[in-house]
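To start, the structure under review is shown below, and the notes come after it.
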Amino acid sequence: MSKVIKNGTIVTADRTWKADVLIKHDKIVAIGPDLHADHEIDATGCYVMPGGIDPHTHLEMPFMGTYSSDDFESGTRAAVAGGTTMVVDFCLPSPGQSLLEAISMWDNKSTRATCDFSFHMAITWWSEQVFNEMAEVVDRGITSFKHFMAYKGALMVDDDEMYASFKRCAELGALPLVHAENGDVVAQLQAKLLAEGNTGPEAHAYSRPPEVEGEATNRAIMIADMVGAPLYVVHTSCEQAHEAIRRARQKGMRVYGEPLIQHLVLDESEYANPDWDHAARRVMSPPFRNKLHQDSLWAGLQAGSLQVVATDHCAFTTEQKRFGVGDFTKIPNGTGGLEDRMPLLWTFGVNTGRLTMNEFVAVTSTNIAKILNMYPRKGAIVDGADADIVVWDPNAEKTISAETQQSAIDYNVFEGFHVKGLPRWVLSRGEIVVEDGTVKPRPGHGEFVPREPHAPVNRALSKWKEVTAPRKVERSGIPASGV
Ligand code: DUC
Ligand code: ZN
Ligand code: ZN
Ligand code: ZN
């Protein structure tokens with residue numbers, strides 16, 4: 001079955017031009033003037049762009065004693081509703097669990113995805129088993145490894161473990177990722193704030209100041225440089241972290257930074273709201289920052305020192321957030337954003353003149369497809385690419401509201417934001433999943449996208465070496481990481 005998207009203006013990361021796009025089954029097969037097919041989509045007045053890729057989601061993730069409330073079915077429905085046609089989720093072994101077993105769990109979770117997906121593997125503990133399994137993980141097409149420098153006593157890896165794992169990544173041609181916050185200092189600040197009677201959600205932000213992020217970002221960059229690994233810093237939220245990334249790139253290091261749409265448009269005043277639920281719903285790590293940090297992130301996207309806009313989509317209901325009444329450290333960390341990332345970035349980026357349309361495509365899709373080594377199958381409008389396409393109506397408007405969202409939570413942190421620029425049609429590997437603005441979920445259509453290593457693999461160099469202070473991890477048998 002063939003389809004053609006007619007009369008639109010194609011916008012990619014490189015250029016903008018008028019042409020039709022012909023699709024056969026799941027692929028783009030021709031681009032040019034006056035193409036015809038059985039099924040025609042009229043894109044008059046619209047932009048035809050590569051579907052968005054959100055490289056940072058946590059769907060149905062065991063975290064802080066519960067599970068994030070969007071699973072792959074509702075999460076990918078929300079994604080396509082907002083023009084995102086691929087998510088990269090974090091496969092999260094509980095400390096002590098085999099990485100391969102964790103992959104099986106994530107394979108099972110993801111069977112009802114509407115759009116394509118891939119995984120990053122989190123390194124939540126360190127041992128000879130983990131070291132060995134990392135090679136197998138790469139063979140299975142998961143070529144990026146996440147390290148939490150925060151969440152002490154739970155997911156956090158120490159520097160010796162991070163050094164060893166980054167070194168292993170370099171040998172496997174894989175990309176290390178970091179959640180960069182100094183978890184030891186955060187734990188100190190949390191204890192101090194609680195002891196002083198600061199138990200509310202506003203204290204969450206005080207416990208994670210920009211300095212803890214700047215320090216950890218610098219540290220991770222230096223360690224990556226020492227082992228010759230590239231580095232991807234997730235949820236870069238402040239100038240201190242951005243500065244570290246900028247400086248490293250100027251020195252020729254391959255370091256990438258990923259601001260979230262939340263940090264670009266929401267600021268720390270959200271935590272001063274006297275309504276406990278309002279503030280708690282916005283508790284995420286890193287927390288929202290002030291306007292100066294926001295300006296820094298926007299400037300980084302403009303200058304190219306920051307490359308990707310993601311969401312860290314990790315949704316919790318109000319009921320789940322209330323686990324933290326009386327103790328802010330127990331509020332599940334995370335906010336949604338999958339459905340709103342592209343319309344918000346268009347509204348506050350393209351419509352304001354901060355980003356060109358081509359830059360919009362670069363930071364929502366193409367850059368990450370290249371960084372994660374799946375370009376041009378994803379992130380491109382070229383012959384042979386997957387037909388993951390968004391037909392974008394720059395004149396469509398709406399007011400964001402929980403009432404109309406796809407996400408499985410009872411609120412939206414962007415409630416009341418007015419956006420102009422929305423997907424009109426969305427195709428996931430050639431299947432229409434948004435038709436004239438209406439979501440047509442296709443649970444089970446989405447497939448796992450395996451990725452090749454980024455660099456030559458040199459396993460001969462690899463040898464297990466115990467780090468100085470191996471952590472004793474007992475296998476708990478409880479999948480919820482207990483954190
Ligand atoms: N930050 C969050 O807010 N949620 C999930 C994990 C994280 O690092
Ligand atoms: Zn025709
Ligand atoms: Zn994180
Ligand atoms: Zn995350």
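Test each condition in (1) of a type outside the set (A, V, I, L, M); (2) within 16 Å of ligand 4 (Cβ to nearest atom); (3) more than 30 Å from the chain's Cα centre (by Cα) for residue 39 and report the one that comes out false.
All conditions are met except number (2).
Is at least one residue of the range 73-89 within 16 Å of ligand 1 (Cβ to nearest atom), buried (at least 24 other Cβ atoms within 10 Å of the Cβ) and either more than 28 Å from residue 345 (Cα to Cα) or not aliphatic (A, V, I, L, M) (or both)?
yes
If a residue must be among the hydrophobic types (A, V, I, L, M, F, W, C) and in a loop (DSSP other than H, G, I, E, B), how many such residues does the range 387-405 contain?
2
With within 25 Å of residue 456 (Cβ to Cβ), within 14 Å of ligand 1 (Cβ to nearest atom), touching a residue at least 40 places away in the same chain (Cβ under 8 Å) and touching a Ser or Thr at 6+ places or on another chain (Cβ under 7 Å) as the only criterion, which of 155, 260, 177 stands out?
Residue meeting the stated conditions: 177.
Please find, within the range 424-446, the residue that is surrounded by the most Cβ atoms within 10 Å (Cβ to Cβ) out of those that are touching a residue at least 60 places away in the same chain (Cβ under 8 Å), in a loop (DSSP other than H, G, I, E, B) and basic (Lys, Arg).
Looking at the filtered set, the residue picked out is 429.
For the range 163-185, does any single residue satisfy the condition of being out of contact with any strand residue (DSSP E or B) (no Cβ under 7 Å at 6 or more places or on another chain) and closer than 27 Å to residue 70 by Cα?
yes
Here's a check for you: in the range 368-381, which residue that is outside any loop (DSSP other than H, G, I, E, B) and in contact with a strand residue (DSSP E or B) (Cβ under 8 Å, 6 or more places away or on another chain) is nearest to residue 260 (Cα to Cα)?
In this case the residue turns out to be 368.
Go through the residues of the range 421-436 one by one and say whether even a single one is in contact with a strand residue (DSSP E or B) (Cβ under 9 Å, 6 or more places away or on another chain) and more than 23 Å from residue 48 (Cα to Cα).
No, every residue in the range 421-436 fails to be in contact with a strand residue (DSSP E or B) (Cβ under 9 Å, 6 or more places away or on another chain) and more than 23 Å from residue 48 (Cα to Cα).
Determine the pairs where a residue that is farther than 27 Å from residue 407 by Cα, located within the range 341-358, has a partner that is of a type outside the set (Lys, Arg) and in a loop (DSSP other than H, G, I, E, B) with Cβ atoms under 6 Å apart, the partner being 6 or more residues away or on another chain.
Taking only residues 6 or more apart or on different chains, the pairs are 358/13.
Which residue is farthest from residue 122 (Cα to Cα), if the candidates are limited to the range 146-175 and must be of a type outside the set (A, V, I, L, M) and within 14 Å of ligand 3 (Cβ to nearest atom)?
Ranking the qualifying residues of the range 146-175, first place goes to 152.
Need the failing condition index for residue 376 against (1) surrounded by fewer than 24 Cβ atoms within 10 Å (Cβ to Cβ); (2) touching a helix residue (DSSP H, G or I) at 6+ places or on another chain (Cβ under 7 Å); (3) of a type outside the set (Lys, Arg); (4) under 25 Å from residue 72 (Cα atoms), just the number.
All conditions pass for residue 376, except number (2).
Out of (1) closer than 30 Å to residue 276 by Cα; (2) of a type outside the set (Lys, Arg); (3) in contact with a helix residue (DSSP H, G or I) (Cβ under 9 Å, 6 or more places away or on another chain), what's the single condition that is false for residue 433?
Checking residue 433 against (1) closer than 30 Å to residue 276 by Cα; (2) of a type outside the set (Lys, Arg); (3) in contact with a helix residue (DSSP H, G or I) (Cβ under 9 Å, 6 or more places away or on another chain), the one that fails is (1).
Only one residue in 421, 384 is farther than 21 Å from residue 307 by Cα and assigned to a strand (DSSP E or B), so which one is that?
Only one candidate qualifies: 421.
How many residues does the range 44-70 contain that are more than 15 Å from the chain's Cα centre (by Cα), away from ligand 3 (no atom under 16 Å from the Cβ) and either free of Cβ contacts under 8 Å to residues at least 12 places away in the same chain or surrounded by fewer than 24 Cβ atoms within 10 Å (Cβ to Cβ) (or both)?
Count: 8.
Just a yes or no: is a residue in the range 409-430 among the charged types (D, E, K, R) and under 27 Å from residue 24 (Cα atoms)?
yes
A quick yes/no check of all residues on (1) touching a Leu at 6+ places or on another chain (Cβ under 6 Å); (2) under 21 Å from residue 157 (Cβ atoms):
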residue: 51; (1), (2): no, no
residue: 63; (1), (2): no, yes
residue: 70; (1), (2): yes, no
residue: 91; (1), (2): no, yes
residue: 103; (1), (2): no, yes
residue: 107; (1), (2): no, no
residue: 110; (1), (2): no, no
residue: 113; (1), (2): no, no
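Examine the range 271-282 for a residue that is touching a residue at least 12 places away in the same chain (Cβ under 8 Å), within 24 Å of residue 59 (Cα to Cα), within 16 Å of ligand 3 (Cβ to nearest atom) and crowded, with 22+ Cβ neighbours inside 10 Å, and state whether such a residue exists.
Checking the range 271-282: at least one residue is touching a residue at least 12 places away in the same chain (Cβ under 8 Å), within 24 Å of residue 59 (Cα to Cα), within 16 Å of ligand 3 (Cβ to nearest atom) and crowded, with 22+ Cβ neighbours inside 10 Å.
If I ask for residues that are of a type outside the set (A, V, I, L, M, F, W, C) and either loosely packed, with under 12 Cβ neighbours inside 10 Å or away from ligand 2 (no atom under 13 Å from the Cβ) (or both), which ones from the range 16-43 would you list?
Correct list: 16, 18, 24, 25, 26, 27, 32, 33, 34, 36, 38, 39.
FYI, it's all coordinate maths here, none of it is from the lab. Nothing here was measured: the structure is a model prediction, and the numbers come from that model. All Cβ positions, glycine included, derive from the backbone under ideal geometry; neighbour counts span all protein chains shown.
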